[in-house]
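Peer 1: Let me give you the structure first, and then I'll get to my questions.
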């Protein structure tokens, strides 16, 4: 598998975007690149304050919440009505709720910065985790998660994930 990943990305990191003669293999770098090549998509807010805030909360998601990621692995194929959440993940859940609340209140929703942005893409996996593990959310945050999960791109991603086989043999190889 490492050899296959090396063919895709010299850093052995995924995701990776190849566009024309440009290869980018970091989630935030991909987002910044896309914002540059398709400025009319407004992936970052137009005003400097909003752009800085969007970059900050996106960066926080990108580099943080390790306990949450470990305790609540992303799994689009299951849901749990009740799940005992590891104590170490609870501060991350609360911080994300705070970020979402501040953004939705500051920018008026329905997405974190009003319209779909890099931040919404960065927090989309969190929405799947909150859904999978039935994390209690106040109505405004639950509506935000529902909106993200109903996003056509998320629906496409989920359909592709659900179509994957239960076991991927290449993932079973010891390193």
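Just so you know, all these numbers are worked out from the coordinates, no wet-lab data involved. Remember, it's a predicted structure, so these values are computed and weren't measured experimentally. So basically every Cβ, Gly included, is an ideal-geometry build from the backbone, and we count neighbours across all protein chains shown.
Peer 1: What number does segment 89-154 give for Rg over Rh if you use C-alpha atoms and the Kirkwood radius?
Peer 2: 0.92
Peer 1: Quick check on packing: order 53-62, 120-129 by the mean number of other C-beta atoms within 10 Å, highest mean leading.
Peer 2: Highest mean packing first, the order is 120-129, 53-62.
Peer 1: I want to check the label-to-label distance for residue 81 and residue 29. Put each point 7 Å from Cα in the C-beta direction and report it in nm to one decimal.
Peer 2: Spacing of the two 7 Å Cα→Cβ label points: 4.6 nm.
Peer 1: With an 8 Å cut-off on Cα pairs and a minimum separation of 6 or more residues, tell me the relative contact order of the chain in percent.
Peer 2: It comes to 20 percent, rounded to a whole number.
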